[in-house]
């Protein structure tokens, strides 16, 4: 087994680096820039039952060491994703892919996951119960343990592939929600989704984001993400996928020591399209510097303070 | 009325700039560097009933655009603060000061506030129900509406000065807690305290902070702070004091447009001892640039997106 | 701002580059004004902290940028005498376009709109290329008094434009032919990944950064 | 690293400066090695990204720093023949101390400890000042084989030391006189405001950055 490879819910990844949903489209924009088969896998654009245009623009605001987005789950809907996007994705990426799913009702989630579960290339279902940018859905499922558990149960009932629940950091106690998902049958937990943030344009005195608030991501949120990954990894027995502001190989190692089995790269892909590849290429030398032989050994390896 | 002055709970401030508790000691370290009477006021080091040494070191970790601290409410205890610190403070600062109070029980809070309320120079009591760095107290009061309300009621019952409750951002819905404090008689709300964060030292594989986690502050958290100030300002009728990553005059204006009556400056005082003075000096020119005549007019002035 | 580097990826006029600036998380998209060999010319207006930082850069400073972004203008539809209409900061991308059209032997008419005389720029450069240039200023301090729509020539075979939305709306009503509009929007990535700059068109949603910034008159969905 | 600027605030040996580095939020505290007129000498070891960035600075670069931080060593207690004990990165602040003590006509003995010969630095500079210098290396590749405690002279009137905690503990047991230790701790502000670097002493809590970094033997509370 290669020193970079890890096992996520029974599937071996060549490395733990996974571009996060919403920052990597369905892969082809990046495939024009580099061969994306160097990735462990990637989580494709959040898919819903119905097509969605998403929120009005502006959808993007810049912040110190980060950005706010309020895209609002723009996607062509699961039917079109299966009919048009996945075949194109298959042309440029030849590994199991992570299917990211959002919904507005328990039935939505179950329906969309059931469809994607049947797709050969789908290796994992990442169920997003934490989108901050849609009303009457998304995050509301991720802020109540019972609701998150209900979605988990409904999805598990109609799927065969590993189900990873993606949690929101905008909660008082994220371990409660993680434990509820685990008890409901989740095969893994991924966190954190974006922090709810806001900026105001002093010139216009209006929120920079048309939707007023949005999801804050980037290096700025890394310490919060690392803390929550650490807390959740100690609260559950299922694998944890860590994300939130990861922008270097060092960050990947820190996430893994905190308890992550694999690590997603989000906003950094947007400011540097080569970011995920650069991080993978940098890993061996950085591992050497910190005397890490094999990545699979360090998950949760942080010693007590 | 001067274009910079604002009124906080019945007391006029020459300007809305307030160094935050824990970043300004009792004032004299800064008084050696500049005349701190230029400040609107400042919130002194969090005071408890009993003396506290605080947490083991290291207590500080650096992050991208911010820092984590886990000082743990080090202070000489309310008796010594009144006997030794306040007389020294009086020598260097000649305006009403904000007394920051923490506790481990409702009785603690009430006792300490009652003592400080009697001190002539104390203008406001800022009750910290949100310290992330102490166990079995601090933040736990700030994460449950009933608990925060109970502290508020107990303090109000034994004090005469305006009581401002300082809230934690580490909650699912901060407006619930703010509303509970308002209903319990709070005269104002200040937010946000630090976000709970963590870093791991790759060399030692231990948390950088001896206490494992700590409070994350600095420019990185500004978008989260601004969002919560906006939410709370719309949820309550009492004044809101905004803080969290404020490091420029522009940030002050953004906080006020979001709904803040006054603005606290935290971590920035530590990396630039002149920060609060610089921000005050910069305000008039920045106000001109954005056609702001008087600061007291812009609180909550953000238009809908 | 003039930059020297690999310009191979820059194809059509109307494309943009995305600049990485120290101390800023997101890149800054700037339209290509001109490219000659390995020299890239960008013209920008200082509107925020980012462009302010750009204006303070000293010659010789290295810059990281992504080039060849966006679709750019389609020259094949221009006809013999295309009309180029630029408003304010929308003027620069039309320069390379004019150059290319002239190189194809077209007769290029250019109408440039500004608020006032002090804002007028690049009219001489367009004339030097051999374009037939008309300037309009809102206050009449230079050229025709009024908006670009008050300065349109009688006949032209096609139009290309870049400028603010109000100008686009007025122009869309005033023009007699088909043409292409180059749009602006706040972008996340600038290469089509984040869906941050999507807009609705008559033919579904398009990403300004990848499917645009240039859209054809026939596909634009005009709101209000 | 040598810096030119206002050094007026720098008083005692053992004080430190706090450097602001681009791209890093917290300042970097570095002990003063020497100050001559307006020239400040700092010696640091590259241990993290911050010191790495410092090592990549080109001469002529401007730096913002707070000077005159910390209490520094108290020279009045040195007696006629003080002993200076430095371990690794703890060596630099002893240089200015030695200089000042020699200027007062003291006979200065210096013991410098390192792991191995390649790490040895500044011994010649101390000799050039006129100190009586002994070097100890753990592997014996230079000077006495062993720790600084294996190289202590028989008699001295007082000691001053700076180095790692294990050396402090050993030294504390080995010394025959009173003396002063200069401590290291992760700091927030560096000027006494944040309580980030507090330590317990026999006389209550002290802030390494403001009440320290130098503590007297008699006040130190030894824990491990």
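Its Cα gyration tensor gives the protein assembly as shown an equivalent ellipsoid. The semi-axes, each the square root of 5 times an eigenvalue, are 52, 34, 33 Å from largest down. Where both bridge residues fall in segment D:140-224, DSSP classifies roughly 65% of the beta bridges as antiparallel. Using only alpha-carbon positions in segment A:6-109, the gyration tensor eigenvalues give semi-axes of 23, 19, 14 Å once each is multiplied by 5 and square-rooted (largest first).
Of all DSSP beta bridges confined to segment D:75-219, the antiparallel ones make up roughly 25%.
Legend: P(r) of chain B from all alpha carbon pair distances, 10 Å bins from 0, whole percents, reading 7, 30, 38, 21, 4, 0.
Averaged over the residues of peptide A:15-21, the number of Cβ atoms from other protein chains lying within 10 Å of each residue's Cβ is 0. Counting beta carbons within 10 Å around each of B:155, A:97, C:47 and listing the fewest first gives the order C:47, A:97, B:155. Using a 7 Å projection from Cα along Cα-to-Cβ, the label point at residue C:200 is separated from the same position in the remaining copies by 6.7 nm, smallest value first. Peptide D:199-211 is shielded by partner chain Cβ atoms: per residue, an average of 2 of them sit within 10 Å of its Cβ.
Antiparallel beta bridges, as assigned by DSSP with both residues in the protein assembly as shown, represent about 45 percent of the total such bridges. One compactness figure for segment D:75-219 is 1.04, namely its Cα radius of gyration divided by 2.2 N^0.38 Å.
Would you compute the Debye intensity of segment D:1-75 from its alpha-carbon atoms alone, equal scatterers and no solvent, and pass along log10 I(q)/I(0) at q = 0.22 Å⁻¹ to two decimals? One equal scatterer on each Cα of segment D:1-75 leads to -1.03. Mean sequence separation of contacting Cα pairs (under 8 Å, at least six apart), scaled by the length of chain B, corresponds to a relative contact order of 20 percent. Per residue of B:165-174, other chain Cβ atoms within 10 Å of the residue Cβ number 3 on average. In a GNM of chain B with a 10 Å cut-off on Cα contacts, which of B:271, B:229, B:129 has the highest mean-square fluctuation? Of B:271, B:229, B:129, the Gaussian network model singles out B:271 as fluctuating most. Each copy carries a label point for residue B:88 at 7 Å from Cα along the beta-carbon vector; from one copy to the others these points are 6.7 nm apart, nearest first. Taking other Cβ atoms within 10 Å as a rough exposure proxy, B:144, D:109 sort from fewest to most as B:144, D:109. For segment B:49-118, the convex hull spanned by the alpha carbon atoms encloses 131 Å³ per residue.
Cα centroids of segment A:207-263 and segment C:110-130: 50 Å apart.
Between the helical axis of C:165-174 and the longest alpha-carbon principal axis of chain C there is an angle of about 30 degrees. Shortest first, residue C:164 label-point distances to identical copies amount to 6.5 nm, with the label point at 7 Å from Cα along Cα→Cβ.
Kirkwood analysis of the Cα pair distances in segment B:1-43 returns a hydrodynamic radius of 11.0 Å. A Stokes-Einstein calculation at 10 °C with viscosity 1.306 mPa s, built on the Kirkwood radius of segment D:67-150 over Cα pairs, returns a diffusion coefficient of 121 µm²/s. Working from Cα pairs under 8 Å separated by at least six residues, relative contact order for segment D:107-224 is 16 percent.
Taking Cα atoms only, the orientation of helix C:92-103 departs from the longest principal axis of chain C by about 60 degrees. For segment A:57-162, the equivalent ellipsoid derived from the Cα gyration tensor has semi-axes of 24, 21, 12 Å, listed largest first. Relative intensity of segment B:149-255 on a log10 scale, I(q)/I(0) at q = 0.10, 0.20, 0.24 Å⁻¹, equals -0.35, -0.99, -1.20, per a Debye sum over C-alpha point scatterers of equal strength in the absence of solvent. Fewest-first ordering of A:181, C:199, A:38 by other beta carbons within 10 Å of each residue's beta carbon gives A:38, C:199, A:181. Cα-Cα pairs above 13 Å in segment B:195-241: how many percent? It works out to 66 percent of all Cα pairs.
Peptides D:78-88, D:167-177 ranked from most to least packed by the mean count of surrounding Cβ atoms within 10 Å: D:78-88, D:167-177.
P(r) tail, segment A:113-204: Cα-Cα pairs separated by more than 20 Å, 37% of all pairs.
Readers should treat all values here as calculations from the given coordinates under stated rules, not as data from a laboratory. The shown structure was predicted, so the numbers you read here are calculated from the model rather than taken from an experiment. Every residue, glycine among them, receives a Cβ derived from its backbone with ideal geometry; neighbour counts consider all protein chains shown.
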